[in-house]
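The values are calculated or read from the model by the stated rules, or taken from the named source; none is laboratory data. Just so we're clear, the structure is a prediction, and the values are computed from it rather than from any experiment. Every residue, glycine among them, receives a Cβ derived from its backbone with ideal geometry; neighbour counts consider all protein chains shown. We work out accessible area using only protein heavy atoms, side chains counted, and drop any ligands, DNA or RNA first. Shrake-Rupley method; radii C 1.70, N 1.55, O 1.52, S 1.80 Å.
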Amino acid sequence: MSGSPLFNTFARLPLAFERGEGSWLITSDGERYLDFAAGIAVNSLGHGHPHLVAALVGQAGKLWHVSNLYRVPGQERLGERLVEATFADKVFFANSGAEALECAIKTARRYHYVKGSPNRYRIITFEGAFHGRTLATLAAGGQKKYLEGFGPVVEGFDQVPFDDIDAVEKTIGPDTAAILVEPIQGEGGVRRIPLASLRRLRSLCDKHGLLLIFDEVQTGVGRTGKFLACEWAGVRPDIVALAKGLGGGFPIGACLATEEAASGMTAGSHGTTFGGNPLAMAVGNAVLDVVLGEGFLEGVAQKGLALKQGLAAIADEFSDVIEDVRGEGLMLGLRCKPQNTVLQKALIEEKLLTAPAGDNVLRLLPPLTATEEDIQEALERIRRASSAVSAATRAAAS
Ligand SMILES: *Cc1c(COP(=O)(O)O)cnc(C)c1O
């Protein structure tokens, strides 16, 4: 391994791809893999989508980067469209999920600061959460294995057990600024906070003057069949972090807020060199052309239902392999009986790509543009892989 010039931070699969077409990834020797990981929910429109390619290439010939010293018309347009499509009045553009969350955390703290309560900076988060790998977002996520060896943990996060809203209520104190939650935990294992719990969080925030922050870096931009997953609960957030699917593969993050919640983010209070550059904005606007198009989100919900029903049938047949099927829209998880990587490897044999998660779950995150045939093909491969894992487990036991 010392031969690699790269940091040893990733346990990579021995696969490398040369190009992509829709839901498919193709190696240099022409092997075709059905991509139901989609770059961890990033390639929302699949690979090589003509509308995204045209937007990127068109912008590349005009202007790449100017910095935020100037107005960036593409930012204003994408901002207006995000405002139009959601609860938000204001948007800040960044380059990643963690950066979008950093902005969300700073926005919540500044809100109370300018309101005359600088002591209110603490944020309540949930066990199993994942909010990114910067020092503050690691502290928010609270996962010991990721915090180990990196010095003092950033102060100001109080973690409660998953979906324990009574614990949230008990934890709220005079210094609490906000509650931060993923409507469906992604890395944590496609674990959904019940809609009733999300509604209780909203009322707790109203009662105590807290801001409600949704981390929709993975669930947002149509992944669950609504533009934002919090729409399923009918809960209005104060701040939302977006990233993954928004750029369709181009790095973008966005922090959305109401005018009130963003009131502390005055000139000079935050910034970014790259965030919102013309290339990113051209692609982000092209992603929204498709995702906000007539009937697109309904299609995601329908395809998600078909995939989930097919998976439930496979789980019935191979209950020794798949224990539970969970999730919403095209963000689905298989809770595995054997180690999740056993099923993942069997699926790679079938040339189907998936993404492992916590709680021994294997995530299916196909492009939102996956066709019904792609979904049927994936189901056949999952059935074959499950059958192989089941047979191998039985053979090992006898
Ligand atoms: C991926 C992810 C992040 C971090 O995004 P990066 O772009 O890797 O910084 C934060 N929150 C959630 C819910 C995510 O899924």
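Tabulated data
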quantity	calculated
Test result for R335, more than 21 Å from A38 (Cα to Cα) and not aliphatic (A, V, I, L, M)	no
Every residue from the stretch 167-218 that is within 13 Å of the ligand (Cβ to nearest atom) and assigned to a loop (DSSP other than H, G, I, E, B)	E182, P183, G186, E187, G188, G189, V190, I193, E216, V217, Q218
Residues within the stretch 179-203 that are open to solvent by less than 10 Å² (accessible area, probe 1.4 Å) and more than 20 Å from the chain's Cα centre (by Cα), tallied	1
Residue match in the stretch 346-369 (condition: in contact (Cβ under 8 Å) with a residue 40 or more places away in the chain, over 28 Å from L13 (Cβ atoms) and touching a His at 6+ places or on another chain (Cβ under 9 Å))	no
Helices (runs of 4 or more DSSP H) contained entirely in the stretch 48-148, each with at least 2 residues that are surrounded by 21 or more Cβ atoms within 10 Å (Cβ to Cβ) and aliphatic (A, V, I, L, M)	50-60, 73-85, 97-114, 135-141
Neighbours by Cβ (under 6 Å, 6+ apart or cross-chain): first from the stretch 94-118, over 15 Å from T176 (Cα atoms) and polar (S, T, N, Q); second more than 8 Å from the ligand (Cβ to nearest atom) and open to solvent by 40 Å² or more (accessible area, probe 1.4 Å)	N95/F274
Flag for T393 being at pLDDT below 95, open to solvent by 30 Å² or more (accessible area, probe 1.4 Å) and part of a helix (DSSP H, G or I)	yes
Which numbered condition D158 misses (of (1) away from the ligand (no atom under 16 Å from the Cβ); (2) touching a strand residue (DSSP E or B) at 6+ places or on another chain (Cβ under 9 Å); (3) farther than 29 Å from P356 by Cα)	(3)
Odd one out for E260, checked against (1) away from the ligand (no atom under 13 Å from the Cβ); (2) of a type in the set (D, E, K, R); (3) buried (at least 18 other Cβ atoms within 10 Å of the Cβ)	(3)
